[in-house]
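Since the structure comes first, as structure tokens, the remarks are kept for the end.
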There are 2 protein chains.
Amino acid sequence: MSSNRDIDALIETMAKLPGLGPRSARRAVLHLIRKRALLLSPLAAQMQAVADTARECLNCGNIGSGDVCDICTSEARATGVLCVVEDVADLWAMERSGVFKGRYHVLGGTLSALDSIGPDELRIPRLVDRVKSEGVTEVILALNATIDGQTTAHYIADQLEGQVTLSSLAQGVPIGGELDYLDDGTITAALNARKPL
Amino acid sequence: MSSNRDIDALIETMAKLPGLGPRSARRAVLHLIRKRALLLSPLAAQMQAVADTARECLNCGNIGSGDVCDICTSEARATGVLCVVEDVADLWAMERSGVFKGRYHVLGGTLSALDSIGPDELRIPRLVDRVKSEGVTEVILALNATIDGQTTAHYIADQLEGQVTLSSLAQGVPIGGELDYLDDGTITAALNARKPL
């Protein structure tokens with residue numbers, strides 16, 4: 001395709017990334033080759049570094065560079081509060097907001113009868129253990145507002161009832177959101193949870 | 001952002017690729033980390049291999065792995081015919097069609113008074129040299145159908161007049177194209193170059 005075997009192999013692998021297809025992979029590789037000193041070599045080194053060190057935290061399921069991740073070992077994070085998320089991407093999203101100062105628990109998915117994913121396929125038993133062993137007093141269920149996400153939240157709430165204070169993220173109009181573009185479910189939720197001014 | 005310095009650095013570099021932004025870079029990096037044995041390590045190695053070997057062919061401007069690229073050294077390619085393209089991406093596009101069996105000459109851009117790019121900034125003098133030294137009898141100008149591309153084609157045609165047979169790519173309706181979606185210029189060109197059945 002490019003008349004060079006190495007470049008073709010690189011394009012083929014790049015095209016497997018989510019969001020890239022053959023055409024955008026070719027464009028990205030050509031860009032990388034043009035800036036090979038500035039971009040391609042550093043990128044290769046950074047990828048190798050991450051490939052060598054990245055692994056799942058044995059405690060919470062986050063991705064870090066040791067057996068236990070930086071958040072679990074940080075002394076600056078509150079120990080009594082756990083935020084339960086479905087996925088590492090959700091943990092990253094929470095961290096970008098910078099507002100949560102406790103620790104996380106990454107489930108690794110949601111319960112799904114269709115895909116036969118039960119509590120043991122997720123990190124739910126480990127969550128129950130942590131609540132007991134780490135002296136957790138509050139659990140925030142920050143699961144996605146999908147049917148599977150809410151089913152999983154209800155299941156976890158059942159498991160932890162009476163042991164901790166449970167809460168879930170508020171539902172309503174997103175910041176910057178326009179009513180005209182919102183779905184009926186969101187408007188219903190926002191109306192039901194209306195706040196006195 | 002991801003609570004890990006190596007991963008953040010990788011996301012930041014990935015976000016510089018054309019077609020990727022911060023969000024899609026995060027998604028791609030998370031995908032790579034999940035499949036690190038299968039995808040991340042091989043990708044890092046392939047990038048390093050390309051970074052170490054890729055360079056511009058001294059003869060034609062294509063990207064290859066030595067001083068002279070595989071197409072220029074291939075004995076299977078006809079020597080008398082040169083296809084002139086603006087860019088390596090255009091050369092790759094020609095190669096994908098698989099129909100051209102001659103050699104290439106990559107200009108590295110087009111003439112542009114606005115960006116003060118003259119013939120000496122491109123590989124036009126080298127093209128004139130090659131036509132003489134390689135016994136070229138036919139030059140196909142496969143430049144983009146833009147104003148700059150066509151200006152450059154006219155300039156090259158002037159330089160090579162009388163020395164070789166010159167041609168340019170045909171203009172008309174693309175295969176699978178629908179008249180309703182074509183611009184006026186393309187329809188005019190297709191009508192003017194109509195063929196007897």
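Numerical summary
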{"read-out": "Subset of the range B:170-197 that is open to solvent by 90 Å² or more (accessible area, probe 1.4 Å), in a loop (DSSP other than H, G, I, E, B) and of a type in the set (A, V, I, L, M) - its residue that is farthest from B:Val81 (Cα to Cα)", "value": "B:Leu197"}
{"read-out": "Qualifying residue in the range A:74-94 (condition: open to solvent by 60 Å² or more (accessible area, probe 1.4 Å) and at the interface with another protein chain (Cβ under 8 Å from one of its Cβ atoms))", "value": "no"}
{"read-out": "Matching option when the condition is farther than 19 Å from A:Ser167 by Cα and either in contact with a Pro (Cβ under 6 Å, 6 or more places away or on another chain) or assigned by TED's automatic domain parsing to the domain that holds A:Thr151 (or both), among A:Asp120, A:Asp87", "value": "A:Asp120"}
{"read-out": "Single condition A:Leu82 does not satisfy, out of (1) touching a Pro at 6+ places or on another chain (Cβ under 9 Å); (2) assigned by TED's automatic domain parsing to the domain that holds A:Val136", "value": "(1)"}
{"read-out": "Looking only at the range A:144-191, and only at residues there that are in contact with a strand residue (DSSP E or B) (Cβ under 7 Å, 6 or more places away or on another chain) and not hydroxyl-bearing (Ser, Thr, Tyr), the one that is nearest to A:Thr110 (Cα to Cα)", "value": "A:Asp148"}
{"read-out": "Qualifying residues in the range A:21-48 (those that are open to solvent by 20 Å² or more (accessible area, probe 1.4 Å) and among the aliphatic types (A, V, I, L, M)) - the one farthest from B:Ala28 (Cα to Cα)", "value": "A:Ala37"}
{"read-out": "Residues that are surrounded by 16 or more Cβ atoms within 10 Å (Cβ to Cβ) and in contact (Cβ under 8 Å) with a residue 12 or more places away in the chain, drawn from the range B:58-73", "value": "B:Asn59, B:Cys60, B:Gly61, B:Asn62, B:Ile63, B:Ser65, B:Cys69, B:Ile71, B:Cys72"}
{"read-out": "Residue in the range B:150-168 that is open to solvent by 60 Å² or more (accessible area, probe 1.4 Å), in contact with a Lys or Arg (Cβ under 8 Å, 6 or more places away or on another chain) and of a type outside the set (Lys, Arg) present", "value": "yes"}
{"read-out": "All positions within the range B:1-11 that are assigned to a helix (DSSP H, G or I) and either within 7 Å of another protein chain (Cβ to nearest Cβ) or modelled with pLDDT under 90 (or both)", "value": "B:Arg5, B:Asp6, B:Ile7, B:Ala9, B:Leu10"}
{"read-out": "Count - residues of the range B:12-69 that are in contact with a Pro (Cβ under 6 Å, 6 or more places away or on another chain) and more than 7 Å from chain A (Cβ to nearest Cβ)", "value": "1"}
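The values are calculated or read from the model by the stated rules, or taken from the named source; none is laboratory data. As the structure is a prediction and not an experimental result, all values here were calculated from the model. Don't worry about glycine lacking a Cβ; one is built from the backbone with ideal geometry, like all the others, and counts go over all protein chains shown. Protein only, heavy atoms only, side chains kept; ligands, DNA and RNA dropped before computing areas. Shrake-Rupley method; radii C 1.70, N 1.55, O 1.52, S 1.80 Å.
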